[in-house]
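Okay, so here's the structure we're looking at.
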Amino acid sequence: MKIQENISLKPFNTFGIDVYAKRFVTINSLNDLKSITSKEKNIFLMSGGSNMLLTKDIENLVLQINLKGIVVNDTDNDVVYVTAEAGENWHEFVMWCISQNYGGLENLALIPGNVGTCPIQNIGAYGVEIKDTFHQLEALEIETGKIKTFTNEVCDFGYRNSVFKNELKGKYIIVNVTFKLTKRNHNFNISYGAISSTLKDISKPTLQEIANAVIAIRQSKLPDPREIGNSGSFFKNPVIDLDSFQILQKKYPEIPHYIVSENEIKIPAGWLIEQCGFKGQRFGDAGVHQNQALVLVNYGNASGQEILELAQKIQQKILETYNILLEIEVNII
Ligand code: EPU
């Protein structure tokens, strides 16, 4: 294990922000992880770097989690338990599951990031969230060095949320995640508008065909982080109460919305941002993506601070116009 000094983190975060780590180490084994965390408590975790906006240099020791491997536990007729190490690339893992005809993750193709961080924000797309197939995970407790198992219930998953964003924030390092996937009689979820229209001519789509549809839709709307820096949706879609919604709907009858519960209405933040005229706008190298207003982008050399200022400008305008405070989804560092 070699600790390197003054390393640029630009290649390690999908926003492509050029900040520096004072000290940086790549973790290739659980033993290395245990050994380093027994000595160093002030650490900063990097996995796929796909859900963070770095606004400053990192003083703590940066651990780049590179644990690799996939293990299959196939003892049931209909389902299979697949455990992937935290450093496996998420999209490659999804495609591997599809190649084995294991169902459940196909709607989540092409989401940037690694396996180990997907439970933290309960990643989701096109009507599916990680919690739907999540079985359990193992994580190292930084304080004690012990490995603990977390079931689906204990993770307390919500919309882009889990216990690891709340009471257990900063206390654990996820080392592997196990999914319960189907081997046959897959529970396809293809009702999401864009997916059903892409698949309209196929009567019984395969896992691969669903993934292909998801990939095509994502590629048409979302910028590829290898070409334009970004972290996917920058804000959460706000959920407001029915009374507030009805006031808004009177003023803006065309406002798109989804009913979450009797008194909760979700509004697409992308619509609010587009209505306020930000879609496709550019301020230096910081901008709002031209095909999806919920995605902020770095055209090359934007600093984290510049992206954050743009986010605040958007928040301010939407608060003034719609009386809704957009919550930032990406971790601001
Ligand atoms: N819309 C606009 N203008 C835009 C973008 C969206 O008006 O520029 C409106 C439209 O009414 C559209 C609606 O918003 O029908 C929904 O847009 P979209 O289907 O693109 O989904 P989203 O709500 O903007 C969410 C997730 C995405 C996920 C998609 C598909 C959040 C914060 N984002 O976006 O997740 O891929 O649904 O399921 O919930 C991510 O979390 O990084 C992410 C990309």
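The values are calculated or read from the model by the stated rules, or taken from the named source; none is laboratory data. Since we're looking at a predicted model, the values are computed, not measured. Backbone-built Cβ (ideal geometry, glycine too); neighbour counts: all protein chains shown.
Any residue in the range 104-124 that's not assigned by TED's automatic domain parsing to the domain that holds VAL82: show its pairings with residues that are of a type outside the set (Ser, Thr, Tyr) and more than 10 Å from the ligand (Cβ to nearest atom) at Cβ separation under 9 Å, as long as the two are six or more apart or on different chains.
No pair meets every condition.
Which condition number in (1) farther than 24 Å from ILE328 by Cα; (2) hydroxyl-bearing (Ser, Thr, Tyr); (3) in contact (Cβ under 8 Å) with a residue 40 or more places away in the chain is the one that SER196 fails?
(3)
Output the residue which, of all residues in the range 299-333 that are in a loop (DSSP other than H, G, I, E, B) and under 13 Å from GLY287 (Cβ atoms), is farthest from the ligand (Cβ to nearest atom). Full working, then the answer.
Initial filter on the range 299-333 (in a loop (DSSP other than H, G, I, E, B)): 299-303, 323-327, 329-330, 333.
Narrowing the set further to residues that are under 13 Å from GLY287 (Cβ atoms) leaves 299-302.
Values: TYR299: 18, GLY300: 21, ASN301: 23, ALA302: 18 Å.
Among residues in the range 299-333 that are in a loop (DSSP other than H, G, I, E, B) and under 13 Å from GLY287 (Cβ atoms), the one farthest from the ligand (Cβ to nearest atom) is ASN301.
What about VAL62, is it outside any loop (DSSP other than H, G, I, E, B), in contact with a strand residue (DSSP E or B) (Cβ under 8 Å, 6 or more places away or on another chain) and farther than 23 Å from PHE12 by Cα? Show your work before the answer.
Details: outside any loop (DSSP other than H, G, I, E, B): yes; in contact with a strand residue (DSSP E or B) (Cβ under 8 Å, 6 or more places away or on another chain): yes; farther than 23 Å from PHE12 by Cα: no.
Answer is no for this residue.
Of the residues ILE247, ILE210, ILE215, ILE240, which is in a strand (DSSP E or B), at pLDDT 95 or above and away from the ligand (no atom under 11 Å from the Cβ)?
Working: ILE247 fails: in a strand (DSSP E or B); ILE210 fails: in a strand (DSSP E or B); ILE215 fails: in a strand (DSSP E or B).
Result: ILE240 is the single residue among ILE247, ILE210, ILE215, ILE240 that is in a strand (DSSP E or B), at pLDDT 95 or above and away from the ligand (no atom under 11 Å from the Cβ).
Looking only at the range 239-277, count every residue that is surrounded by 13 or more Cβ atoms within 10 Å (Cβ to Cβ), of a type in the set (Lys, Arg) and under 21 Å from GLN316 (Cβ atoms) and tell me the total.
0
If you take the residues in the range 103-150 that are among the hydroxyl-bearing types (Ser, Thr, Tyr) and surrounded by fewer than 20 Cβ atoms within 10 Å (Cβ to Cβ), which one is nearest to the ligand (Cβ to nearest atom)?
Here is the first cut: in the range 103-150, the residues among the hydroxyl-bearing types (Ser, Thr, Tyr) are 117, 126, 133, 144, 149.
Filter again for surrounded by fewer than 20 Cβ atoms within 10 Å (Cβ to Cβ), leaving 144, 149.
Numbers: THR144: 32, THR149: 27 Å.
So the residue we want is THR149.
In the range 3-28, which residues are assigned to a strand (DSSP E or B), of a type in the set (Phe, Trp, Tyr) and closer than 21 Å to LYS68 by Cα? Can you show your working first?
Filtering the range 3-28 down to residues assigned to a strand (DSSP E or B) leaves 4-8, 20-27.
Imposing the further condition that a residue be of a type in the set (Phe, Trp, Tyr) reduces the set to 20, 24.
Scanning the range 3-28 gives a single hit, PHE24.
Here's a check for you: in the range 258-277, which residue that is near the ligand (Cβ under 9 Å from one of its atoms) and in a loop (DSSP other than H, G, I, E, B) is farthest from ARG226 (Cα to Cα)?
ILE267
Looking at the range 218-233 only, could you name the residues that are away from the ligand (no atom under 12 Å from the Cβ) and either within 18 Å of ARG160 (Cβ to Cβ) or without any contact (Cβ under 8 Å) to a residue 60 or more places away in the chain (or both)?
Result: ASP224, ARG226, GLU227.
Hey, can you tell me all the residues within the range 60-106 that are among the β-branched types (Val, Ile, Thr) and within 16 Å of GLU138 (Cα to Cα)? Talk me through it step by step, then tell me what you get.
Initially, the range 60-106 is screened for residues among the β-branched types (Val, Ile, Thr), giving 62, 65, 70-72, 75, 79-80, 82-83, 94, 98.
Within the range 60-106, ILE65, ILE70, VAL71, VAL72, VAL82, THR83 meet the criteria.
Within the range 184-210, how many residues turn out to be surrounded by 15 or more Cβ atoms within 10 Å (Cβ to Cβ) and under 23 Å from ASN122 (Cα atoms)?
So the count comes out to 9.
Tell me, yes or no, whether the range 80-87 has at least one residue that is in a loop (DSSP other than H, G, I, E, B), under 15 Å from the mean Cα position of the chain (by Cα), of a type in the set (Gly, Ala, Ser) and at pLDDT 95 or above. If you could, list the steps in order and put the result at the bottom.
Taking the range 80-87 first, the residues in a loop (DSSP other than H, G, I, E, B) are 86-87.
Applying the additional criterion that residues be under 15 Å from the mean Cα position of the chain (by Cα) yields 86-87.
Imposing the further condition that a residue be of a type in the set (Gly, Ala, Ser) reduces the set to 86-87.
Applying the additional criterion that residues be at pLDDT 95 or above yields 86-87.
There is at least one residue in the range 80-87 that is in a loop (DSSP other than H, G, I, E, B), under 15 Å from the mean Cα position of the chain (by Cα), of a type in the set (Gly, Ala, Ser) and at pLDDT 95 or above.
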